[in-house]
1. Quick one: length gained pulling B:I275 to B:D211 fully straight, 0.36 nm per residue minus the C-alpha distance?
2. Which whole-Hz ³J(HN,Hα) couplings does region A:95-108 yield from phi under the Karplus relation 6.51 cos²θ - 1.76 cosθ + 1.60, θ = phi - 60°, glycine and proline marked x?
3. Taking N as the number of residues in chain A, what value does Rg over Cα atoms divided by 2.2 N^0.38 Å take?
4. Can you order the peptides B:469-479, A:148-158 by their average number of other Cβ atoms within 10 Å per residue, highest first?
5. So if we plug the beta-carbon distance of B:F302 and B:R490 into 1/(1 + (r/R0)^6) with R0 = 56 Å, what FRET efficiency do we get, rounded to 0.05?
6. Quick check for me: using +1 on Lys/Arg Cβ and -1 on Asp/Glu Cβ, what's the dipole size of the protein assembly as shown about its Cα centre, in debye to the nearest 20?
7. Quick check: pseudo-label points 7 Å beyond the Cα along Cα→Cβ at B:S344 and A:A72, how many nm apart are they?
8. For a quick check: with amide H placed at 1.01 Å from N, whose amide H comes under 5 Å from B:A80's, ignoring anything fewer than 5 positions away on the same chain?
Amino acid sequence: MFIGKNSELSRRAFLRRSSQLAAMGAASSYAMGLAGIGEAAAFSSAGGYKALVCIFLYGGNDHGNTLIPFDADNYASYSSIRGGGGAQEGGGIALSRASLANTVLTTPQDQALTDGITYALAPTMARMKSRFDQGSLAPLLNVGPLVAPMTRAQFDNGSVPAPPKLFSHNDQQSTWQSSQPEGALSGWGGRMADLAQSSNTNSMFTAINASGNAVFLSGEEALPYRVSPSGATLVRPLDRNRLYNSSDAASALDTIMRSASGHVFAADFVDVNNRSLEFGAFINDALDNSTVNTDFGSENALAAQLRTVAQLIGARGSVGVTRQVFLVGMGGFDNHDGLIGQHEGLLSQLDFAMDAFYQATQELGVADQVTTFTASDFGRTLASNGDGSDHGWGGHHFILGGAVNGGRFYGRAPHVSVDTADQVGRGRLLPDTSVDEYSSTLAQWFGVSQSELPSVSPNIGRFASPDLGFMQPS
Amino acid sequence: MQSKTFSETLVGSDSGLPEPLNNEAVDAGSPDTGPALPRMAGIGAAALATAACGGGGEQTPPTAGAPPVVGAPPAPEVLAPQNDAEASRFLLQAGFASSAPAIAQVSDQGYEAWLDSQMSVPSDGTAYDFFESRGYNEVDSNRYYNITRVADYMVWSQLMSGNNSLRKRFALALSEFFVVSLNGINQVWRSQAIGAYWDLLNQHAFGNFRDLIEDITLNPAMGTFLNTRGNQKADPSTGRVPDENYGREIMQLYSIGLFELQLDGTQRLSGGEPIETYTNEDVTGIAKVFTGYDFDYTDIGFTTEVGGTRQIPDAEYAFKPMTADASRWRFPRNQDFHSSEEKSFLGLTIPAGTNASDSLTLALDHVFNHANVAPFFSKQMIQRLVTSNPSPAYVQRVASVFENNGSGTRGDLGAVYKAILLDDEALDPSGVTNPGFGKLREPILRFVQLGRTFGMRSISGNWAIPDLADTASELGQSPLRSPSVFNFFRPTYFPTNSVTSDNNLLAPEFQIVDETSVAGYINLMERAVNTTTFNFSDVELDYSEEVAIADDSLALVDRLDLLLTADQLSADVRNTIQSAIDSVAIGNDDDRLRRVHIGVLLTMASTDYLIQK
């Protein structure tokens, strides 16, 4: 069967494939014979398996205390703006300089950051400092949603449009994930999945959501498949074929879960039921045969999600995929208050989970083939509200993986200031790099051809280059 | 604009999909109504028109310059249920559950009289009463002042038992609009704090929006949740400025939303573009109003914790409004932390030097009187009670009641609640067969309906049902446990790549529907229906009336169909359920009970039930 054009990957075809999957039994791992003759011009699956893993930090991560200026002059500015009076001990929402000593990132010789800044990672991100030193981690500075390149003057006078509904959580989460505010029909992860689907034997597992409903993985055609930290959730009475001790009742439940009345919502609900019933046992069977020994700890919700992702990647042969996009997430970043203390705890969990996941990819021999990256609603103000920071715009993010050109900085470091031209008030950053450039760089590594980049990153045509350079040339 | 039937859209056709219906489409007059005011029928009449005309009904765009419908709503066309199914349907829109006695009452009294009588029933227990009576306000080795689970017990007890169920139903809807979450209030006695918040929602549920928003603003749990508590005026020497969290969310979520709206809930446009209601400067300006407040510790005693030295305040502190009088705080100060700057926002300027109380009054009055409040609030309440996609005319009728309840009062919540339920668009039985009318029942309502329909009772009296928000193993939703200030689902959510989106419809409750949660729900209900596993070890259900007729599978299906779905089960599903029931031979009452369990679970697994029409 030719699965070249995206339009053929309709929901009907989806269900048809799923019924074939069921007809052949879901008890063992196998491949379904859907040879995909993809549109070679649109997407390349050369280079073996590849996966992108998006870690979404919900609430708006305080970038100011994630990458902190460590050199004396810039630290003093940071300490002053954040309520520490410029003192080395910090105070207000400024971390102490001494606490940063172990996580200083050495700027490469051939790079010079703005105003001679030397950055340190947050004190609780020592593992990511190691990854930076090893060349697997790349910070991307001052990245945020932009419709087009924009100066402060253009922002002030409105001559260049800014993304709508700035500073609103739900809209900026959507904008980060899709380039559109709340109400978007697709996200760039999903649009990549659209192009990658035809490379996958079992295309229904191209986009995997281990977090919660988010537009990021919705494509024009691709539908995300949801797993929990323990894998796929099976309907217990159907798995046992007994409902209140009756197998007839279990059969009736199966029938009822798959039947829709004439209502629009019923049709969509039954679609989800069908996918859940069709794919659950298959996925769990694949996971059962996938061993990941890396310790993902406990009491770390992000690590739990990433462990499931690692197991799924380990099972990629059984699952029948060559290209996948994953979404995981953690919340709690809206630190209007309690920034000191809470935020470091969150970053500690992030640091542990990212590192464990990287180790797992090494264990599975796919470290060069899995690229993990962070995203968030927005950065935050540099100025303090007393014990926290408020909604911002641009922020700093990280890309981690064996194929990353790490150990060096990307994007432009912002001045440590509340009134330079790269700020829009109280130290909210005017992004210098756009989410579209970020996503297009990842997309190219993933296999999206140059000609197809605008379908993934709709604004990319207005920026100088679709490649920020943080991925090693394949 | 042409209207199309939905029958071709089932189960995922995309090519050949009919032209999507637009909410703004109008019918120049629906075929079956008489001299009522012109009704903008949206989806409803379009489906009817198509059925009548055979694929391509006529719809006339609104006449330019036609006067908007304002003022008192038309008298309801249907005064009383015509049959048991209509009565049951109304009960399930208005409250949590249906019952034979209630069906009889509403049939006898008529809709409005029944609502009036139910809405005026005095409360038989508040959250505070629950905590007091169960000993959860005590300072002892249980450390109730530092746990959350007794708040889960409290709210389940409120939802599952006691009178006042209509008020609680509306309070639950309010809790999903004015969101405060137990997950985000790290303060001493946090369970009691969310209890105090629940009590105030109930207190004002049929009162006035203006009183509600003021009490919400000063509520300790809200103060913690969105950082009003301890928010200070600006300090130019350190560059500190007021926390903007509450200032932003009170506008974005609790009153006016992001874009200017017409009274019918549709966006105002300027040059074809929506108009933002506020800018970041407005947020900065209004944030100054919410400064200088902390918990009021007047008459609050302290008890030493067991096994330690910490002084635990009385739980009552969480039930008192915050105060800007620093002499009344736990650690009294003789300073004023309220901003004395000029406070400008939304076209209002509060002069410099205005005190906290006056600033609050001026600010809340100004927000309350904004033209967006009526449609923004009314549309979401319609979504919580009746349908995800009300026609603009329906929104406008309800919003008009918000603006003026008929006696000159603005913000009468009881009148709004009645207007939603007594509107023809809610009551008209054609909604049952309208493929775009209604809503996906949210998981909390499904579970509460089970409890209330079958007389759930607590064995210990503690109502020890835990937080059920886990997606893989539980409901995926739990009352007062939203993951953020944005509730479990957004009012404008729709699943992408779906029949819903193809038809330009909204489906908020679908935001928590995925391959994991649909399985988790069935697994949870399997255990809830027969109250097994530790989640339900403290409760039991009473199926005695169902057991009494369980030998007659048709009678059992009829009863469950009427009570749980208002007779909305399709014939095929009824047959499937009846056969499954009949597969259990009757030897004794245990078998009869199993037949009932099977009937209940299968009914509540069906989309005929899950979609509330």
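The values are calculated or read from the model by the stated rules, or taken from the named source; none is laboratory data. These figures come from a predicted structure and were not determined experimentally. Counting neighbours? That spans all protein chains shown, and the Cβs are built from the backbone with ideal geometry, glycine included. Each accessible area value is taken on the protein alone, full model and side chains, heavy atoms only, with ligands, DNA and RNA left out. Shrake-Rupley method; radii C 1.70, N 1.55, O 1.52, S 1.80 Å.
1. Details: separation 64, 0.36 × 64 = 23.04 nm, distance 2.84 nm.
Net length gain for the segment: 20.2 nm.
2. The phi angles translate into 6, 6, 5, 4, 5, 8, 4, 8, 10, 5, 9, 6, 6, x Hz.
3. For chain A, the normalised Cα radius of gyration comes out at 1.01.
4. On the way: B:469-479: 22.2, A:148-158: 13.0.
Ranked from most to least packed, the peptides come out as B:469-479, A:148-158.
5. Computed FRET efficiency for B:F302 and B:R490: 0.85.
6. The dipole magnitude comes to about 1500 debye.
7. So the label points at B:S344 and A:A72 sit 4.3 nm apart.
8. B:Y111
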